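Reading through the structure tokens given below for one structure.
The values are calculated or read from the model by the stated rules, or taken from the named source; none is laboratory data. Small disclaimer: the values here were computed from a predicted structure and weren't measured. Glycine gets a Cβ as well: all are built from the backbone with ideal geometry, and neighbour counts include every protein chain shown.
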Amino acid sequence: MGHRSEFSVQTLAVLAELCATPSQWRHGYGIARDTGLKSGTLYPVLIRLADRGLVEARWEDEQPAGRPRRHLYRLTAEGLAAATVALARAPSPVRAPAAVRGERRRRVAARVTP
Amino acid sequence: MNWLSGVVAALLRCSSGMLPADRRGWMRALWTEAHEVPAGWRRLAWLLGGLRLTVREATRRRGLVYPLVFTAAAVTTAWSAWPGPPGDSAVAVNRADVITMAVLLAGLPWAIRRVRGPVAGGRPARLLRTGGYAAVLALVLVKAAVERVAGAPPNNFEGPARAWTGEVVFLGVMAGYAALILACSARRSPAAPGTVAIGAATGAALGVVAYVLGPLGFPLRFTGRWPACLYDAALALGALLALCAPALAGLAATRRVDHSRPPVARMRQGAMAGLWTGAAAALVVAVLSTASIALLPYDPGLRDWASSHIGQWTPVVSQWTPIYGPRGYLGYVAGNSAFAAGYLVVLALGPLFGVAMGAWSGWVAGHAGLSGIRPRALKQAQGRLG
């Protein structure tokens, strides 16, 4: 039996995505595209992570031409440490989006299988 | 598809005001990110996810759930009561009714909050407020259904002036009910929670009994000897119960008051229990009976049953008049004086009768030494339990 992470599979997917380039600021749609998460799932995850101080957020400084300013996110130092630990404890490498769905199915199957 | 995305985006922007200040930036972020998403289904799905998030974040704050539920219920009531041909006085009365009631029910909490404080913590207060508001809205809804037929030509033989007078009285009485519900579920309630619970439960049970004994507001007729005798006995018992219930509730509430409190405090709890008994009974029987009356024109079985069971009441039969429903239904319904006004009298006098009986029982119990939790007896009971 593997160690149960304090994070959901979706949160682990977001952490893995942000962990890949920890110094780089990412925007919401980019994370959603790379993880396969929908906006209604991604933003609650980002909000909770920001509330816990694991993710920092800011608006783009400059007004780019042809599009509105983006809201940007990256892991804090604490977030990076927590993500590293959580991802190391995760039962399998978190790959999104198929990994997220597959992991959910596996967890459900593990619960119902004696 | 783009126009739909535009509508959802506009809705998202407007609804972000429902969120706490620290969440609005996130919603703005989601909204601006929508410009990056390819147009079409994917952008629409992105925006719909934002709406889902808005609802989730808004309802996470407990204080927003009840206003949202109330708004939905009020809009549904208005939507149901609104239809009707223009120029019909019954339709005008119904529309004025739902609008005024919605404004009253939405505005009264603010006024009561200033005097009695916010809603008390705990489930009973919330249950009382939600159940009370639901009953008031249900009464408005079924009354509108009755008025739509009984107050429309050619059944409005009493004229629009009388209908408007009755409407003003109805709104005044309903405002009183709403104020009572709000005040007794507030932190600085004039009645103890136990008093309200005893009164409301007794009153609700009494209302159901009254409805069963006379679903349309009149005693029933039974042809067989034994059924008629049994019904008469049940009716007599019901009348006795209606007379005694507020006093019994008042007595039960008075006995919960600490013996060291002055007699006035015990009498006040008795009066509040009686008030709640009368109010709850009147509200329950009015909602149930008016709903049955509202079904009369549309349910031939109920109409036949009503004709055969209350037909011997000659003064009532003479008030019956053919009705022509909005969709061509043909049936019979009693005049306003027999039904709507009858329940208005019950709604107005029920709480007054209850408060008088409850106060009397509280006064009698207080002076006869029947009431009050005696500290010594309480300590002995605690000792036995310990």
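Assorted remarks:
- Residues of the range B:47-77 satisfying the condition of being buried (at least 20 other Cβ atoms within 10 Å of the Cβ) and over 20 Å from B:Val7 (Cβ atoms): B:Glu57, B:Ala74, B:Thr77
- Selection of first residues in the range B:11-25 that are at pLDDT below 75 and of second residues that are in a helix (DSSP H, G or I) and small (Gly, Ala, Ser), restricted to Cβ pairs under 6 Å at least 6 apart or on distinct chains, gives the following pairs, ordered by first then second residue: B:Met18/B:Ala58.
- Any chance B:Pro38 is outside any helix (DSSP H, G or I), under 30 Å from B:Glu147 (Cα atoms) and out of contact with any strand residue (DSSP E or B) (no Cβ under 8 Å at 6 or more places or on another chain): no
- Condition met for B:Ala233 (surrounded by fewer than 16 Cβ atoms within 10 Å (Cβ to Cβ), assigned by TED's automatic domain parsing to the domain that holds B:Val98, in a helix (DSSP H, G or I) and not hydroxyl-bearing (Ser, Thr, Tyr)): yes
- Taken over the range A:9-28, the criterion of being under 21 Å from B:Leu12 (Cα atoms) and surrounded by fewer than 21 Cβ atoms within 10 Å (Cβ to Cβ) is satisfied by A:His27 alone.
Residue-wise test of (1) at pLDDT below 90; (2) out of contact with any Cys (no Cβ under 8 Å at 6 or more places or on another chain); (3) not in a helix (DSSP H, G or I).
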residue: B:Ala179; (1), (2), (3): no, yes, no
residue: B:Ala183; (1), (2), (3): no, yes, no
residue: B:Ile198; (1), (2), (3): no, yes, no
residue: B:Cys229; (1), (2), (3): yes, yes, no
residue: B:Ala239; (1), (2), (3): no, yes, no
residue: B:Ala242; (1), (2), (3): no, yes, no
residue: B:Ala249; (1), (2), (3): no, yes, no
residue: B:Thr254; (1), (2), (3): yes, yes, no
residue: B:Arg261; (1), (2), (3): yes, yes, yes
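- Enumeration of residues in the range B:1-12 that are more than 11 Å from chain A (Cβ to nearest Cβ) and either closer than 18 Å to A:Arg48 by Cβ or in a helix (DSSP H, G or I) (or both): B:Asn2, B:Trp3, B:Leu4, B:Ser5, B:Gly6, B:Val7, B:Val8, B:Ala9, B:Ala10, B:Leu11
- For the range A:52-72, the set of residues classified as within 9 Å of chain B (Cβ to nearest Cβ) and either more than 14 Å from B:Arg28 (Cα to Cα) or not hydrophobic (A, V, I, L, M, F, W, C) (or both) consists of A:Arg67, A:Pro68, A:Arg69, A:Arg70, A:His71, listed by residue number.
- Residue under evaluation B:Ala92, criteria (1) surrounded by 17 or more Cβ atoms within 10 Å (Cβ to Cβ); (2) at pLDDT 90 or above, criterion not met: (2)
- Taken over the range A:5-56, the criterion of being of a type in the set (S, T, N, Q) and in contact with a strand residue (DSSP E or B) (Cβ under 8 Å, 6 or more places away or on another chain) is satisfied by A:Ser23, A:Gln24.
- Among residues of the range A:47-63 that are more than 19 Å from B:Leu19 (Cα to Cα), those with a beta-carbon under 8 Å from a residue that is polar (S, T, N, Q) and surrounded by 15 or more Cβ atoms within 10 Å (Cβ to Cβ) at least six positions away or on a different chain give the pairs A:Gly53/A:Thr76; A:Leu54/A:Thr76; A:Val55/A:Thr76; A:Glu56/A:Thr76.
This table checks each residue for (1) on the phi > 0 side of the Ramachandran plot; (2) within 9 Å of chain B (Cβ to nearest Cβ); (3) hydrophobic (A, V, I, L, M, F, W, C).
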{"position": "A:Gln10", "(1), (2), (3)": "no, no, no"}
{"position": "A:Leu15", "(1), (2), (3)": "no, no, yes"}
{"position": "A:Cys19", "(1), (2), (3)": "no, no, yes"}
{"position": "A:Thr41", "(1), (2), (3)": "no, yes, no"}
{"position": "A:Pro44", "(1), (2), (3)": "no, yes, no"}
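- Residue count for the range B:35-46 under the criterion of being more than 8 Å from chain A (Cβ to nearest Cβ) and surrounded by 19 or more Cβ atoms within 10 Å (Cβ to Cβ): the result is 2.
- B:Ala78 vs. criteria away from chain A (no Cβ under 14 Å), of a type outside the set (Val, Ile, Thr) and out of contact with any Cys (no Cβ under 7 Å at 6 or more places or on another chain): yes
- Subset of the range B:91-121 [in contact with a strand residue (DSSP E or B) (Cβ under 9 Å, 6 or more places away or on another chain) and either outside the structural domain of B:Ala179 (by TED's automatic domain parsing) or not in a helix (DSSP H, G or I) (or both)]: B:Gly117, B:Pro118, B:Val119, B:Ala120
- On the stretch given as the range A:73-86, residues that are within 12 Å of chain B (Cβ to nearest Cβ) and assigned to a helix (DSSP H, G or I) total 0.
- Residues satisfying the stated conditions in the range B:13-33, i.e. in contact with a helix residue (DSSP H, G or I) (Cβ under 8 Å, 6 or more places away or on another chain), more than 8 Å from chain A (Cβ to nearest Cβ) and within 20 Å of A:Leu72 (Cβ to Cβ): B:Ser16, B:Arg24, B:Met27, B:Trp31
- Identity of the residue in the range A:21-39, of a type in the set (A, V, I, L, M, F, W, C) and more than 20 Å from A:Ala77 (Cβ to Cβ), that ends up farthest from the other protein chains (Cβ to nearest Cβ): A:Leu37
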